[in-house]
Amino acid sequence: NASLLPDVITRASTDVPDQLYNLEIRQYDVNGNHLTGNDYGTVNIGTSLDVTLQASDDCQLVLVARGNGPAVAALGTKTLEQVQSMIVNSSVINAIDPSAAGSMNAMPYVLHLKHVKVAVVNGKAIIQSPDGSYDMRLMLKRLATRLTVTWDYSVTDYKLKQLLIQSVPLNYTIVDKPETDGTYPSIVSQFTTLEIPVADANAAHGSYSCWVPANVRGESAAATTETQRTKANAPVGSTFFNFVAVNTTDGKKKLDYRVYIGSGPSTDFNMYRNKDYSYTVNFAHVGIPTGDNRVTYIDPIPASENNDNLVPTANCFMVEPGGSFCFDPFAFQQNGTEITNSQMTGWYGTASTGIKSVKLLWQTRENGDVGDPVMGIANSDDDHTNIVDIKRIDNNDISGNPANDKGQCRIYCRVAANTTGGNGVIAAYDGPNGTGNIVWSWHVWVTDYKPDTRGGEQVLEPVNKRKLLFSLNNASVLPMMDRNLGAMAGYVDEAPTSFVEMSKTNGFHYQWGRKDPFPSNYTTKNISKIDNKNSTTPPEGMLNRYGADGIKYVVNGGQSGTISLQTSCRQPLVFYASGGQGPAWTSVSNSSFAGWDGSVKPVWDPCPAGWRVASRTDLSAVYQDGGGFPNKNMKNFDTRVADSGYLLYFQQLSGGHASYFRFTGYGRYMDTFELIGTLCSIWTRTKGDDTAYRGYAGWFNTGTTYGVMNKHQSDAHPLRCVQEKAD
């Protein structure tokens, strides 16, 4: 039973500052351009204040008392859009203890008035009400929302182990920027998960309170009762309390409870600023409450159990949500034939090394930072067997008798069923329990996209089978995927209309010739350079990756220098670049390293079985040496900036079908990601030289033509996969 008690309230008389600290008032026109304003310093509450305004029949006002702490910087003469993009120091707000004397003085208070009439009366500019009266009372609103939850857990054979607050916006905003449907912040914004301490001794009873940013997600007509406030019915990104209880005799068995936050009836999933939400949650049931969809019973089985779906081995596996598969890690499918991965057997083909264990290395969530982790939540930090497992064919213990050759073992993988898809990476180790060196790692692309690896024809319907013939300038081309490798969506003849859908087309980025995927952008902003890509906390603008618990942030590793091919396989999380900037990532000479190139698919190719990285010839429709294609080959030339990508004709100039290529930007140096919203790029497998790889096509959104640009081997760009053969 989850109750919002009492009704949502907007303030408490004791939870207020004693003065308005650092009060700033700014006036904007209807388009958000700054008109005038001042910083009035500290103002006593209840006193009158003369301010400077311009006469206007329709303008906007922003009043912000920034507080006596460093939470909010001065607005100055920024435009309203720039104010909406300002980052607030969340740690200052989150540390405020309202019970401590004077602590609320650090809390910012804000008021945004969208349509204001300012009239000049007796030489003074005065705010008028719609009826023309002058006695206007303005009440500023507390920037933060306060969540309080109190629980009582009384369930036989289970104990409360974990409390999470999921889908919490990471940053506060001074002025909200609603989407067209009135929701905010954007789902493409940064979100986080709060881990609430639950002591085993007192887990059955407890209470917790914290400050969080507003998260207004709208309403759901399907949530007609409290028991229908479920993931299936909640708007994407809605904030919820997540209680996890474990069985007292078998810690792998769990009960997962969700309580979504709302401001009123069961259909409401809005969490506003300046409000207090106080929940009481009581748990009391016998057995598994199968009739309550807010509760999920988890009884995981090893990924190897009931899993005989043996698939060809590649560096990427495509699997549907809830799907399972197994493969031979020392094999590799090349042009329809299984071969031995001689790189692995050459490095680890001795009795003392080989593969002794497997683990989940990283995974994404369904929609950036919100939604469930797509690979699943591991049994524990040390036990990932419900997601990835390994067995010797002869049933011997693999940790004591490692596999070191083709045909000796199988790696098994099963992904979460309750997601819409995403990506992850599993890894094999030469030590037990995920210790020692990574032997090899494999990308798992969780998607319902299943294009056929056979047949030379173009397929447009159904969408999840779609593959395209880029026949312009190349009549003999084989079918190509309609999306970047790792992308959750591809678009033909139309561009996505929201940043969520645009972000789903990004896919992953790859250093040339390397098999390991690196994250792309995930943002509503055009960002010229992210220079803190390697931060230990999530950098703004990047897609985040998470650990086996679905919570821990996996850092974007970056290191200056070049490495051997074996070291690159041991360090799939690290972006290498000579001198920190490139041009190379590997110490192997260009003449000795074929990378993705060659007459047959090499073991470094990152595409799924039956596919390989497209060549320059395969991409002749959108690729031209020494120059550019004219804008008549762009279906959306006039709207390309708003579309954040190009729709490029691939059958004939200015006609036929067009494929969407997103302005993803690219991973440039070991510690930067650049040109988000400005540069569209695509790697090909065609080999270049050490300093200027021409296996690359790049187009800026500002140009009237597009064509080939020179980039380094160490740069990371998206890519597309083409069929290896027609049948």
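Read-outs throughout are calculated quantities, based only on the coordinates presented, and are distinct from any laboratory measurement. These numbers were taken from a predicted model, which means no experiment stands behind them. Every residue, glycine as well, gets a Cβ built from its backbone with ideal geometry; the counts of neighbours run over all protein chains shown.
A few points about this structure:
- Order by protection proxy (mean Cβ within 10 Å, highest first), peptides 257-270, 151-164: 257-270, 151-164
- Distance between the pseudo-spin-label points of ASP308 and ALA642 (7 Å out from Cα toward the beta carbon): 5.7 nm.
- Summary of packing: across the peptides 26-32, 178-184, the per-residue average of other C-beta atoms within 10 Å ranks them, highest first, as 26-32, 178-184.
- Averaging Cα coordinates gives a centre for segment 239-286 and one for segment 24-38; these two points are 42 Å apart.
- Given R0 = 22 Å, the distance between the Cβ atoms of ASN1 and LYS252 translates into a calculated FRET efficiency of 0.20.
- Scanning the chain for cysteines with no neighbouring cysteine C-beta under 4.7 angstrom from their C-beta gives CYS59, CYS210, CYS316, CYS326, CYS409, CYS413, CYS569, CYS680.
- Counting only DSSP beta bridges with both residues in segment 316-446, the antiparallel share comes to about 90 percent.
- Taking a straight line from the alpha carbon of LYS356, these lysines sit under 18 Å away, with near neighbours fewer than eight places off in the same chain left out: LYS391, LYS406.
- Approximate spin-label separation VAL236-ASP57, in nm, with each point projected 7 Å along Cα-to-Cβ: 4.2
- Each DSSP beta bridge with both residues in the chain is either parallel or antiparallel, and the antiparallel ones are about 85%.
- Dipole orientation for the chain: of the candidates TYR153, GLN334, VAL388, GLN334 has the Cα lying most toward the positive pole (charges on Cβ; Lys, Arg +1; Asp, Glu -1).
- The distance separating the Cα centre of segment 560-630 from that of segment 68-120 comes to 47 Å.
- Put the Cα centre of segment 308-380 next to the Cα centre of segment 395-427 and the gap is 6 Å.
- Inter-label distance for THR156 and SER587, nm, one decimal - labels placed 7 Å from Cα along Cα-to-Cβ: 6.5
- GLN228-LYS529 FRET efficiency (beta carbon distance; Förster radius 45 Å; 0.05 resolution): 0.50
- Hits among aspartates and glutamates - C-alpha to C-alpha of LYS687 under 16 Å, sequence gap 8 or more where chains match: ASP597, ASP605, ASP618, ASP625, ASP715
- When peptides 424-435, 137-148 are ranked by their average number of other Cβ atoms within 10 Å per residue, the highest-first order is 424-435, 137-148.
- For the chain, relative contact order (Cα pairs under 8 Å, six or more residues apart, normalised by length) works out to 10 percent.
- Excluding same-chain neighbours fewer than eight residues apart, the aspartates and glutamates reachable from LYS177 by a Cα-Cα span under 14 Å are GLU81.
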